[in-house]
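First comes the structure, then the notes that go with it.
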Amino acid sequence: MTQQPIEAGAVDSTVTRDARLGADGVASGDAPMSREQVLEAYRLMLQSQAIDDLAIKLQRLKRVGLYAPVQGQEAAVVGSALALDPRRDWLVPASREQPAMIRHGLPLVNFFAGYMGRLDSAGIPEGVKLLPRQQAIAAQLPHAAGLAWAMKLRKERAAVMVYCGDGASSEGDFHESLNLAGVMHVPLVVVVINNQYAISTPFHKQTAAQSLASRAIGYGMPGIAVDGNDLFAVYAASDDAVRRALDGGGPTLIECRTYRVGFHNTSDNPNDYREQEEVSAALADDPTTRVERYVLAQGLLSPGAMAQLKVEIRAELDAVQRSVADLPRPEADFIFQNVYDVLPARTEQQRAETVKEDRR
Amino acid sequence: MQEPQTVAAAEDMSILEAIRAALFAEMARDERVLVFGMDVGTLGGVFRVTQGLQQHFGGDRVFDTPLAEGAIVGASVGLAIGGMIPVPEIQFLGFTYQAFHQIGPQLARFRSRSRGRYPMPVTIRAPDGGGVRTPEFHADAVESQFTQTPGIKIVCPAFPDDARNMLSMAIRDPDPVLFVEPQRLYRTVRGPVTVRDDPLPFGRARIVRQGSDVTLIAWSAAVHLCLTAASELQSAGISASVLDLRTLVPLDVAGLVQAVTSTGRAVVVHEAPLTGGFGAEISATLHEEAFLSLDSPVIRVGGRDVPYPPGALEDAFLPTVPRIVSAARKAVEG
């Protein structure tokens, strides 16, 4: 990997606890998560891997349009999302935070319905404090800043967590919204998943800086860089940031340094721009394997129970995808739904034409 | 300081006063309404439209933001999701270039992209138009660019009464509205304002002058150019109607067709550059919907197809009364 060695701990030492889960699965420092939380994280990470496998298979079968796998980033995504209380806090995803969205309350059926084109069933249910995936890089950041601002104005005790990648840090929206969040002192946690690549562009071509967390200084907020493959480090930093947000301490920037093991999405071939040795090195430090070793060593699950869990997770997903495949495809005039509260006359006329053409 | 306008009696106001009255009234009516943007709080806006609002409603509801148009609009999306009714000001419509993505692809389609979960009751106010010798980018009339991002309504009042009532409607609308304010007319056009509890829905054009030979079609400040042109045409023996579209989205196709059918001739006037301008949409619509009622081709009078010039030369760029008169004579006399 071309990245600099990770300076464990923080850019701002006031915002971290020393909590680590090493590549060997051995924890050091404080143990930030309960046994139940570790098991929840482990299950979400396994489920994320299983979703990647299934969605890629379905894409090859032309049942899913395009899919961007989480592979390699599971600890960063799951460790941060677990710091939220889904009944209280908001989650604003970019486009590669599948386990975070599911953990926050997006039902698996709705999740697969979105990828499989069953749009009538793909919405975010009422009460789930989640925004849709965002395909325009960094555009979700000002939304999250505004949402956190609303929480502050309404005096609701709630935090907003927003995700983006290393590529997004070059966008104007990144700067504008972190600056705004700092000025308005809103309860926002910005999680930058630095996976070293924006499609094919490596981190060192994205910025001359060694650290994205250090940008926090310029926005008047704490910033922390953590080993994004370390579930405990990610969780501890996120938990600190969420508590600070809830206590009126304002926003935090967290950089999770990890590696995008998979392709950018199913249309991408990473062999065109990176060496296999680099990928192999990352594979040797798989974040889920770290947790698995810990779970076994701590006796949280027996080897048998672990194998059973993996089978159950895959069986559940397969059942969900089969049920979603049986759902009706949307009618052509679905495209006119939810464009306006009431369609303008001319658009209503187009809708009627579309229905007529569809029936031919 | 302007107090809330809650009485129904007609009152003489400038466009600026009418907009300010609507802001006072809507903030008083619904405590979720927030007014923010660059310099709108302490200063009361560079045109003083929001003067007095912060003193009256406090710094939590009326506030200055960092200088970042994209974040002002993008944060409005989040504020709306969080249950507020944001009324951000973009200091000049020409500054929306830096917020285009957050207005069009994000705000306008958020109801759709969230499958109805998050409607966007957001009203973006922005002044535009030439004739006041502003520096570069301050005059660009780019409203029609947002007709290509469905989901947002585009409201362009030309009179105090419309400014007052349509801004109230915009703020109460469950969908996003781009509310374009004609900066040249802020203080120069006055008129009676009657507050209506239940105003007409958007998408109703209005004939502001009746004539029989040709229909001049415009919105925003250009409506007043058309009215002056119509008076000059009158002395040349040509009777011109003036149709104020009032909203580009929704477009009142029926009202447009009716207004042109009654005269058989049409001239459409706008400040934006001619090519690709909304005049082309009007002309195409009339040729599709009213071809057999037309006695002559629809003529467009727009800004020139050049970058908006420095103030000293803006009259060479803008549609002028002589250009409108000449176009109308061509439509009538061939």
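FYI, it's all coordinate maths here, none of it is from the lab. What you see is a predicted model; the values in this text were computed from it and never measured. Cβ placement follows ideal geometry from the backbone for every residue including glycine, while neighbour counts extend to all protein chains displayed.
With both partners inside segment B:160-318, how many of the DSSP beta bridges are antiparallel, as a percent to the nearest 5?
Working: 3 of 15 bridges.
DSSP beta bridges in segment B:160-318 are roughly 20 percent antiparallel.
Each part reduced to its alpha carbon centroid, segment A:278-320 and segment B:75-153 end up 47 Å apart.
With both labels modelled 7 Å from their Cα along Cα-to-Cβ, the residue B:329 to residue B:207 distance reads 2.6 nm. What's the FRET efficiency of residue B:261 with residue B:232 using the Cβ-Cβ distance as r and R₀ = 25 Å, to the nearest 0.05? The value I calculate is 0.55.
Evaluated with a Cβ-only charge set (Lys, Arg +1; Asp, Glu -1), chain B carries a dipole of roughly 380 debye about its Cα centre, given to the nearest 20. The C-alpha atoms of chain A define a longest principal axis, and helix A:140-153 lies at about 80 degrees to it.
For segment B:1-134, what is the Kirkwood estimate of the hydrodynamic radius, computed as the reciprocal of the mean inverse distance between distinct Cα atoms, to one decimal in Å?
Details: mean 1/r = 0.0646 Å⁻¹.
Here the Kirkwood hydrodynamic radius works out to 15.5 Å.
Over chain B, what is the relative contact order in whole percent, taking alpha-carbon pairs under 8 Å and six or more residues apart?
Numbers: 752 pairs, mean separation 53.3, N = 334.
Relative contact order, chain B: 16 percent.
Indicate the gyration tensor shape class of segment B:179-334 (rounded, prolate or oblate), computed on the Cα atoms with a ≥ b ≥ c the square roots of the eigenvalues: a/c under 1.5 is rounded; otherwise a/b larger than b/c is prolate and the rest oblate. It is rounded, given that a/c, with a ≥ b ≥ c, falls under 1.5. Cross-link partners for residue B:330 among the aspartates and glutamates, with Cα-Cα distance under 15 Å and sequence neighbours closer than 8 places in the same chain left out: B:213, B:232, B:295.
When the convex hull of the C-alpha atoms of segment A:41-192 is computed, what volume per residue in Å³ does it have?
Details: hull volume 15.9 nm³, N = 152.
Value for segment A:41-192: 105 Å³ per residue.
Return the ratio Rg/(2.2 N^0.38 Å) for chain A, where Rg is computed over Cα atoms only.
Details: Rg = 20.8 Å, N = 360, 2.2 N^0.38 = 20.6 Å.
This ratio for chain A stands at 1.01.
Contact order for segment B:1-108, expressed relative to its length and based on alpha carbon pairs under 8 Å spaced 6+ residues apart, stands at 26 percent.
Ignoring everything except DSSP H segments at least 4 long, calculate the 222 nm mean residue ellipticity for chain B; use -39,500 (n - 2.57) per segment, divide by total residues, nearest 500. Mean residue ellipticity at 222 nm (helix-derived): -9000 deg cm²/dmol. Amide H contacts of residue B:34: B:85, B:87, each under 5 Å away and 5 or more positions distant or on a separate chain (H built 1.01 Å from N in the peptide plane; Pro and chain starts excluded). Residues whose amide H lies under 5 Å from that of residue B:140, counting only those 5 or more places away or on a different chain, are B:94, B:129; hydrogens are built 1.01 Å from N in the peptide plane. Dipole magnitude for the protein assembly as shown: computed about the Cα centre from +1 point charges on Lys and Arg Cβ and -1 point charges on Asp and Glu Cβ, it is near 880 debye. Suppose the Debye formula is applied to equal point scatterers at every Cα of segment A:206-287; what is log10 I(q)/I(0) at q = 0.20, 0.22, 0.25 Å⁻¹? Evaluating at q = 0.20, 0.22, 0.25 Å⁻¹ gives log10 I(q)/I(0) of -0.98, -1.05, -1.16. Taking chain A as the reference, fit the longest principal axis to its C-alpha atoms, fit the long axis of helix A:303-325 to the helix C-alpha atoms, and give the angle between the two in degrees, 0 to 90, nearest 10. That helix lies at roughly 20 degrees to the long axis. Taking the longest Cα principal axis of chain B as reference, the axis of helix B:278-289 is set at about 60 degrees. From the alpha carbon centroid of segment B:173-201 to that of segment B:242-256 is 15 Å.
Of the chymotrypsin sites (Phe, Trp or Tyr not before Pro) found in segment A:256-360, those in coil by DSSP whose Cβ has at most 15 other Cβ atoms within 10 Å are A:273. For segment B:42-114, applying the loop criterion from DSSP together with a ceiling of 12 other beta carbons within 10 Å to the trypsin sites (Lys or Arg not before Pro) yields no site. Please list, by residue number, everything in segment B:194-232 whose backbone N is under 14 Å from a paramagnetic label point 7 Å out along Cα→Cβ of residue B:9. Under cut-off, by backbone N: B:194-195. Converting phi to 3J(HN,Hα) with the Karplus coefficients 6.51, -1.76 and 1.60 and the offset θ = phi - 60°, segment B:207-212 yields 7, 9, 8, 8, x, 10 Hz in sequence order, with x at every glycine or proline. Take the Cα radius of gyration of the protein assembly as shown and divide it by 2.2 N^0.38 Å, N being the number of residues; the result is 1.08.
Could you check how many percent of all C-alpha pairs in segment A:203-360 are farther apart than 27 Å? Walk me through the numbers before you get to the answer.
Numbers: 7476 of 12403 pairs.
Counting pairs separated by more than 27 Å, the tail of P(r) holds 60 percent.
Note that chain B shows a convex hull volume over its alpha carbon atoms of 128 Å³ per residue.
The lysine pair tally for chain A, using Cα distances under 26 Å and a gap of 8 or more places or different chains, is 4. Amide H contacts of residue B:181: B:126, B:128, each under 5 Å away and 5 or more positions distant or on a separate chain (H built 1.01 Å from N in the peptide plane; Pro and chain starts excluded). Between residue A:346 and residue B:313, the simple label model (points 7 Å from Cα in the Cβ direction) yields a spacing of 3.4 nm. The mean sequence separation of alpha-carbon pairs under 8 Å and at least six residues apart, normalised by the residue count of segment B:206-333, gives a relative contact order of 28 percent.
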